[in-house]
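One structure is given here, and the rest of the page talks about it.
Since every read-out is calculated from the coordinates, none of them should be taken as a lab result. Predicted, not measured: the structure shown is a model, and the values here were computed from it. Methodologically, a virtual Cβ is constructed for each residue, glycine included, from the backbone with ideal geometry; neighbour enumeration extends over all protein chains shown.
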Amino acid sequence: MNKKLIAIAVAGAFSAPMAAQAADVSGFAQIDWTLANDNAACTVATFENCETQFSVHEAEVDFENNGVRVDIDTVNGGGDINVEQANFTTALGAWNLTAGLFNSGLTADSQDIVDMAFASNSLVFDLYDGAGLTNVAGLAFSGMAGPANVTVALVNDPTVNPGATGTATVAGDKANAVVVAASGSVMEGLDIGVSMVSAEADDLTDVIVSYTMDALTAGLDYMTSDAVDAYSVTVGYDLGNGINVKARIDNAELTSGYKTDTTTLHVGYHLADNIEIALENYDYSEDNSANDYSTTVVDLVATF
């Protein structure tokens, strides 16, 4: 989107009817400063920025009113403005119906920095994102079934590539994927979640275990599919006075045996109620050692 169109979009937002302006508005800005990076392929258009460079990794404005939600963002400092979510939620008896484009929430990690435990995403999240399962379009029914929070969804299948040569699909093929997820607390401080996606090209299962005891947090996110198995193990400790430390170890292995490993160390500090600064080191390695790299960033996140 060019600058003129962006200006028109912004002007339109400020000139919206009073009813729209009455919506709850929130958002955030994420600014990264790369201190060190030995990734030879680094570019300022990706999270693996070149050394000494600053970037606005993501900026987002969210609007919500009367069950309708629209999230607008720009990612990786690009000029394009994206519609991340556009949906409505309404009650159907004891359950809720959500329709439109929405975040799937299928892994322990999240898409938006304000919901992430680290400045970078886990390998499990990256695999779901690569499969097109971060944001999905369709219908979702959610509610309580006994002690469990249950979601059942029918969404457009992102694993189908219509018209792609060399694939099992043919031109014009389209399909839907079925998503079933359940989560709940099994004891004080211990939560478990399970999700399953039945898609045309692959079936994915994800299991999330999280544990909290006072200032200590720990978690496991394990996913398996026909193509890959992966896990993410995290541990964190709140030192008080706005300071927290966290560590994450990830591994992914293709059915062919090809492996990827990452290690992440994170120290965060709350500068203010709505501003957090973090120092994070991310090490990436895979069987092809030529692609190994390490990057250290200062991550600043401000919310409103």
- Residues in the stretch 105-124 that a label on Thr212 would reach, taking backbone N under 17 Å of a point 7 Å out along Cα→Cβ: 108-110, 114-118
- Item | Rounded FRET efficiency, nearest 0.05, which uses the C-beta distance separating Ser183 from Asn288 and R0 of 35 Å | 0.45
- Task: Return the sequence-ordered ³J(HN,Hα) values of the stretch 240-255 in whole Hz as given by the Karplus equation 6.51 cos²θ - 1.76 cosθ + 1.60 applied to θ = phi - 60°, using x for Gly and Pro.
- Result: x, 6, x, 9, 9, 10, 9, 9, 9, 10, 10, 8, 9, 9, 6, 4
- Give the long-range amide H neighbours of Asp287: residues separated by 5 or more places, or on another chain, with amide H under 5 Å away, using H modelled in the peptide plane at 1.01 Å from N. Lys259
- Task: For Leu220 paired with Leu190, estimate the spin-label separation in nm (one decimal), with each label point 7 Å from Cα along the Cα-to-Cβ line.
- Result: 1.1
- Query: Hey, quick one: spin label on Thr303, modelled 7 Å out along Cα-Cβ, who in the stretch 105-125 has an amide N within reach, i.e. under 18 Å?
  - Reply: 105, 108-121
